[in-house]
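Reviewing the structure listed below.
All of the numbers you see were taken from the coordinates with simple rules; none came from a lab. Keep in mind that this is a model prediction, so the values were computed, not measured. As a convention, Cβ positions derive from the backbone with ideal geometry for all residues, glycine included, and neighbour counts pool all protein chains shown.
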Amino acid sequence: MALDPKTLDQLAEHLHACQREARDTLKITDAHPDMSWDDAYAIQDRILAAKLKAGARVAGYKAGLTSHAKMRQMGVTDPVFGFLVDEFIVPEGGEVKVSQLIHPKVEPEICFVTRAELKGPGCHIGAVLAASDVVLPGIEVIDSRYRDFKFDLKSVVADNTSASRFVVGGRAVDARSVDLRTTGIVLEKNGQAVALGAGAAVLGHPAAAVAMLVNHLGRRGQSLPAGSLVLSGGITEAVAVQAGDNVTLRVQGMGSVSVRFV
Ligand code: OOG
Ligand code: MG
């Protein structure tokens, strides 16, 4: 660790307050250029601990920056991992209040639900598919706490990878019954297709993103519990939304899922 525990506490409190109060901030590496990867995940861990202490439940995990489209959009080169808690859940067809967010964007994602524990290192696509129960469409709403979504990888990890809301729904299918590489997706905003893609955009296969998450957890002495929900990362660029927008994600063979912004 390059930063002392007190600084980690302060940075976690600051980012958590920015999330709860929907206010933005400069990326934290501006003031702490020597921050390490361990520091970044330690800050994220402290935010999770504060939420759990306040009564939150872990709802799942997320991989982010797993497609070239996302990496290009954000100017970064590596995937990142974060947590999902119950306060982020939006019911299918439900509403997201933009007044509670800073500058929300939506991402089309394939969501996995596991039925067996997964442990890294050495986790691979085969292990993920063998341990998965179903896959289904998911829309992630990201809301970086950093001004104008300008960040570097360590800053975005500390900020729990911009996690803010998510909705899953549509038709859950057996994870082994579909070829997720060629599964097509259409993201619509107010009835117009705004982004198109296929599962292979995510690291060649969305299950590869889950394997990377498991290996990341393994390096930290953790595993992915059975019954976990995992968002495998935006297939396309994220799309900005505002109050009044209706967003629908259609996934080939898996129906659709929608969310409204009010
Ligand atoms: C970081 C989170 C990216 C994804 O699916 O790629 C992410 C960001 O772009 O703010 O969730
Ligand atoms: Mg995402």
Q.
From the gyration tensor of the Cα coordinates in the range 212-262, what semi-axes in whole Å does the equivalent ellipsoid have, largest first, with each one equal to sqrt(5λ)?
A. 30, 14, 11
(Q) Under the 0.36 nm per residue contour assumption, what length would be gained going from the current alpha-carbon distance of residue 4 and residue 100 to full extension? (A) 31.4 nm
Q: For the range 146-156, just list the computed ³J(HN,Hα) in residue order, Karplus coefficients 6.51, -1.76 and 1.60, θ = phi - 60°, integers in Hz, with x standing in for Gly and Pro.
A: 8, 3, 6, 6, 9, 8, 10, 4, 5, 4, 6
**Q.** Net charge dipole size for the range 57-261 [Lys, Arg +1 and Asp, Glu -1 on Cβ; Debye, nearest 20]
**A.** 280
Q: Place +1 on the Cβ of every Lys and Arg and -1 on the Cβ of every Asp and Glu in the chain, take the dipole about the Cα centre, and give the residue among 10, 116, 235 whose Cα lies farthest towards its positive end.
A: 116
Q. Taking only the alpha-carbon positions of the chain and ignoring solvent, what does the Debye formula give for the base-10 log of I(q)/I(0) at q = 0.13, 0.14, 0.15 Å⁻¹?
A. -0.78, -0.91, -1.05
Q | Relative contact order %, the range 121-201, counting alpha carbon pairs below 8 Å whose residues are six or more apart | A | 29
Q: Multiply the residue gap between residue 57 and residue 150 by 0.36 nm, knock off their C-alpha separation, and tell me the result in nm, one decimal place.
A: 30.6 nm
Q | Vicinal HN-Hα couplings computed from phi for the range 189-195 (Karplus, 6.51 cos²θ - 1.76 cosθ + 1.60; Hz; Gly/Pro x) | A | 10, 6, x, 10, 5, 10, 7
Q: For residue 252 paired with residue 124, estimate the spin-label separation in nm (one decimal), with each label point 7 Å from Cα along the Cα-to-Cβ line.
A: 2.5
Q. Whose amide H sits under 5 Å from the amide H of residue 164, counting only residues 5 or more places off or on another chain, with H placed in the peptide plane?
A. 141, 143
**Q.** Candidate lysines for bridging to residue 27, where Cα separation is under 27 Å - those fewer than 8 sequence places away on the same chain excluded
**A.** 6, 51, 53, 62, 70, 97, 105, 150, 154
**Q.** Dimensionless Rg over Rh [the range 37-161; C-alpha; Kirkwood]
**A.** 0.95
Q) Got a sec to turn the phi values of the range 44-50 into Karplus ³J(HN,Hα) couplings, 6.51 cos²θ - 1.76 cosθ + 1.60 with θ = phi - 60°, whole Hz, x for Gly and Pro? A) 4, 4, 5, 5, 4, 4, 5
Q. Simple spin-label model, 7 Å along Cα-to-Cβ: residue 260 to residue 87 in nm?
A. 2.5
